[in-house]
Each structure stands twice: as structure tokens, then as C-alpha cells.
Amino acid sequence: MTDAPILRRWLSQVHGLVPAQLRRDPVTRRRSQLALGILGANLIVGSALLIPLAMIGEPDLRRIALVNTCACLLLMLLGVLFLRRGSLWLTGNWICAILYAGFAFATWTGGGVRAPFTICLALLPMLAGIIAGRRSGLAWGCISVATLTAVYVAQAGGVELPEVTHPETTVLLAFGALAGTTILVTWMTAFSEATKEAAIVQIEQASAQLAAAIQEEEKARHAADQAIAANAAKSAFLATMSHELRTPLNAILGYSELVVDELRDRGGNDDLIDDIRKVHASGRHLLGLITDVLDLTRIEASRLELNPTDFEPARLLREVAEIFIPLALRNNDVLTLDLGDDVGAVHHDATRVRQVVINLVGNAIKFTRDGTVTVRLRGDPDKFEVFVEDTGIGIPIDKIERIFEPFTQVDASSTRRYEGTGLGLAVCRRLVSLMGGAIEVRSSVGRGSSFTVRLPRRYTIPEHTASVTTSAF
Ligand code: ADP
């Protein structure tokens, strides 16, 4: 039946009128479409009825029938408003109430139980049941039967009801009532089928989409599993490789130092000593790189072991500053230590905190010439903060977040002035977050940078990582 283009066109028009709150599920949507369809059909059938009604021979009856039908049509339009406001119950009962008023009046004035309009009362429970729900349908069924019974009892009790005396009028009214009811019921059935089929198509489309989405999600999960497995394999490989490289490299460093001492003792060749020092420096650089890679992979594989102890950060900063005095002098930098009020002891892995501070101070001095590097310590009952500020080259705003990514340098060109691997800050950020803190940076090109490390006073092992932090490569 939905093949009929008129029904499909009607359905799409009607669908556009259904408000958003009544489109939430297919059943409500379908009932709303039916309500609009019935309202529309009533309006059409009612308007068409005006023609036979205008042909009624008795002027009084004709006037009453026309006024009655026109009033019904106008009130019917109100039903569309109720539906647009989102109440199916009100819409259904409103339609039935208007029709009931019209039918009951027509029954009363058209000869009581013998009136041709009594058949129309049978429409009410069906309409109410479809639009407003089963209970409303039942209620309107009872009302219709009760009305007919009351009219019958009244007539049997001798109440005189106006009779339609004109035989042509009786035929016309009977024809109009039958034709109207038949058209309405046929229309409703066809429209109901059309909406049902449309709803089935929608459900089928939705389930096809759901199936596709489930398939996509499965694919994505599979890809994610593969990526996680590949990442774990990469981390394990790098950790093993780094470990294996450190052992011979430490031997190279140790022996090159020995050779330099030996040559110096023998009053040996300065050129050769210089060459071996270069071997030593390159070896140290390589060792730093390998250590950073090892740290990074351990953290990413959640296998970095932290050994928290009580220590004083003020003391740690003093030691770090001492290490950097020669480098600061070489760059003509003033290295200042501002320890503020006594912060006291904190509970953390001192080696890892030192590693972070060394990285930040090392960078600050590396990127500052003829300037100032200030290391500041502040604390409160919950946390302590280390600020490393410099007046160096600064970092462009668009690169500031990326410097924490591994192997990222602001100047990555082959002609860059500053040495480095681009791993230091990546390790710092991961270490600090592992220790329960955060690292922040503010910078301005040409004016300098300020890094802040904020840590809780006490390191507590996060519950979900407690088991893995005890293992190490
Ligand atoms: P690198 O070994 O290259 O120093 P880092 O991860 O420590 O690696 O730093 C990444 C990049 O961030 C550096 O190459 C540099 O471009 C930028 N950077 C870090 N600290 C500073 C700083 N204090 N001043 C200017 N640039 C900095």
C-alpha cells in the first residue's frame, strides 16, 4: 500500500509536522504521524461532507448540520496545535471529544438510536486507542455504548426526539455517515500500514547502521590491541638494547679515562690525549642518550622503579647548583640560588628529582649567554615547587607544548648551535607525572624561559601501578 505515491507524499508532509520530542522512538513517532493523518483525514472528509449536508431539504436541519460540521473542523485544527506541543494523550482525546460532540448531537437531533449517525460512534474507541493509548480507547468505547444506551432508554421511556421526516434527508444522512465512516476507516488502515512499513524500514536501517558501527568498533579495538602490543614490543626491545649498549660503553669510558691518565703520567703526546678526550666526550654523550631512552621506555612500559626516601630539596638544589658553576662561568651566566624559607624534608625519589632539576638547569644555562639563571625553591604544607628561570633565547609560543615530546627540539636543523638529544624534557615530564606532580613552562622569545616543577610533599604509590613499579629491566 505504501507504493501509492499519494500516501508516501502525505507521510513525508506529516513527518515534518511531528515535533522533536515525539520523534524519540519509532512507536511514538508512528502514533504522532497517525494522529496527524487522522486530523488531516477528518478535515478533508468533514469538508467534503459539507456538500451533501448543504443539499439537505429541511432548512433547519441543514443549518444545524452545516454549523455543526464547520465548528468541528475548526476545533479539529486545535488538535494539530496540541500535537505540536507534544501531548499525544491530549490530541487523541481532543479529536474524540469533538467528534463525540458532533455525533452525539447528530444522534439526538436525527432520531435517536435510529439516526444514521450512530454508526459513527464506533470510530471513537478506535481513534482514541491508536492515538491516546489503550485506556483512552476503552474509555471512549464505554462512553459510546453508554450514550447509545441512554438515548435508547430515553426513547423507550417516552422522551420525544426530533425525527427526520423527509425520506431523502434520511437517505442522504445515512449515505453521508456510511461513506464518511468507510472513507475514514479505509484511510486510517492504509495510513497505519504506511507508517508501520516506514517504521520497519527505519528500524532496519538503524540496525544495519548499528551492525556496521559494531564492526567498525571491533576493527578499531583490534587495531588498538595491535598498536599496544607493538608499542610494548618496541619498549621491551629498546630497554634491552639500551641495557646491552651501556655495558660496553661504560668500559669504553673507563678505559679512555685510564689511557688519558697513563699518557699524562708518561708525559705523553698532547694530540693523542686530546683525541682520546674527544672519544670520552662522545662516549658520555652517547651514554646520556642511552640513559634517557632507557628511562623513557621504562616509564612508558610502567616499569620504572621509584625509591622514595626523606631528603631536603634545599640541599639537593645547592648540590646541583655547585655542579653547574663551571658551565655557567663558561657561558658568562650568573647562577643564583633562592631557597626562600626553610622547606624542610620531603619524601620522594631524590635521584629522580635531581635528574629533573639537572635537566632543567642544564637547559637554562645551555640556552643562556651573558644572562642570569635563577633556581628558586618554595614550599607549603602540601607541596613544594622548584622554579628554574633564565634570561636566555626563549621558546616560540607555537613550539612550547611540543618540547615535551621525545626527540623534539626548537631548532632541529643540522646547523643548530646547541647540542642535545631532545629527550631531556620528555623524560622530565613523564618522571614528574609519575611522582604525582606537574611541570609547566612559560617563555618569551629573546627574553627567557621559566620552568616550574610542582610536586606533592610525599610520594604515594598509585594503587593501580603499585605492582608494576617494583619490577625493572
Ligand atoms: P635537548 O637535549 O635538546 O635540550 P630537551 O628535551 O631538554 O632536549 O629540550 C627540548 C628542546 O626544548 C630544546 O632543544 C630547546 O629547543 C628547548 N628548550 C628547553 N629548555 C629551554 C630553555 N631553557 N630555553 C630555551 N629553549 C629550551
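The values are calculated or read from the model by the stated rules, or taken from the named source; none is laboratory data. Note that the structure is a prediction, hence the values are computed from the model and not measured. Heads up, the Cβs are rebuilt from the backbone with ideal geometry, glycines too, and the neighbour counts pull from every protein chain shown. The protein model used for the area step is the full one, side chains on, heavy atoms only, and it has no ligands, DNA or RNA in it. Shrake-Rupley method; radii C 1.70, N 1.55, O 1.52, S 1.80 Å.
General observations
- Condition check for Ser433 on (1) among the polar types (S, T, N, Q); (2) more than 12 Å from the ligand (Cβ to nearest atom); (3) part of a loop (DSSP other than H, G, I, E, B): one failure, at (3).
- Filtered residue count, region 358-405, keeping only those that are near the ligand (Cβ under 10 Å from one of its atoms), of a type in the set (A, V, I, L, M) and buried (at least 17 other Cβ atoms within 10 Å of the Cβ): 9
Quick grid of which residues meet (1) at pLDDT below 80; (2) of a type outside the set (Asp, Glu); (3) on the phi < 0 side of the Ramachandran plot; (4) open to solvent by less than 60 Å² (accessible area, probe 1.4 Å):
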site: Ala212; (1), (2), (3), (4): no, yes, yes, yes
site: Glu217; (1), (2), (3), (4): no, no, yes, no
site: Ile228; (1), (2), (3), (4): no, yes, yes, no
site: Thr247; (1), (2), (3), (4): no, yes, yes, no
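- Subset of region 154-178 [under 18 Å from Thr118 (Cβ atoms), at pLDDT below 80, not charged (D, E, K, R) and not in a helix (DSSP H, G or I)]: Leu161, Pro162, Val164
- Of the residues making up region 46-67, those that are within 55 Å of the chain's Cα centre (by Cα) and open to solvent by less than 50 Å² (accessible area, probe 1.4 Å) number 2.
- All conditions but one from (1) without any contact (Cβ under 8 Å) to a residue 60 or more places away in the chain; (2) touching a Leu at 6+ places or on another chain (Cβ under 8 Å); (3) under 18 Å from Ile130 (Cβ atoms) apply to Ala35; the one that does not is (1).
- Residues that are open to solvent by 70 Å² or more (accessible area, probe 1.4 Å) and under 36 Å from the mean Cα position of the chain (by Cα) were ranked within region 73-94; the one that is nearest to Leu49 (Cα to Cα) is Leu81.
- Scanning region 280-289 for residues that are among the aliphatic types (A, V, I, L, M), surrounded by 15 or more Cβ atoms within 10 Å (Cβ to Cβ) and farther than 13 Å from Pro406 by Cα yields Leu286, Leu287.
- Residue in region 155-170 that is touching a helix residue (DSSP H, G or I) at 6+ places or on another chain (Cβ under 6 Å) and open to solvent by 50 Å² or more (accessible area, probe 1.4 Å) present: yes
- Looking only at region 292-333, and only at residues there that are surrounded by 14 or more Cβ atoms within 10 Å (Cβ to Cβ) and among the basic types (Lys, Arg), the one that is modelled with the lowest pLDDT: Arg303
- Considering Leu39, Leu43, the condition of being open to solvent by less than 30 Å² (accessible area, probe 1.4 Å) and aliphatic (A, V, I, L, M) is satisfied by Leu39 alone.
- Here Cys428 passes the criteria (1) within 10 Å of the ligand (Cβ to nearest atom); (2) free of Cβ contacts under 8 Å to residues at least 60 places away in the same chain; (3) outside any strand (DSSP E or B) except the one numbered (2).
- Of residues in region 234-245 being open to solvent by 60 Å² or more (accessible area, probe 1.4 Å) and not charged (D, E, K, R), the one nearest to the chain's Cα centre (by Cα): Phe237
- Residues that are surrounded by 17 or more Cβ atoms within 10 Å (Cβ to Cβ) and out of contact with any Phe, Trp or Tyr (no Cβ under 8 Å at 6 or more places or on another chain) within region 429-450 comprise Arg430, Leu431, Val432, Leu434, Gly437, Ser443, Gly448, listed in sequence order.
- Test: residue in region 305-316 that is within 16 Å of the ligand (Cβ to nearest atom) and in contact (Cβ under 8 Å) with a residue 12 or more places away in the chain: no
- Of the residues making up region 346-365, those that are out of contact with any helix residue (DSSP H, G or I) (no Cβ under 8 Å at 6 or more places or on another chain) and either β-branched (Val, Ile, Thr) or within 21 Å of Pro462 (Cα to Cα) (or both) are His347, His348, Asp349, Thr351.
- Residues satisfying the stated conditions in region 334-357, i.e. within 27 Å of Ile393 (Cβ to Cβ) and open to solvent by 50 Å² or more (accessible area, probe 1.4 Å): Val334, Thr336, Leu337, Arg354
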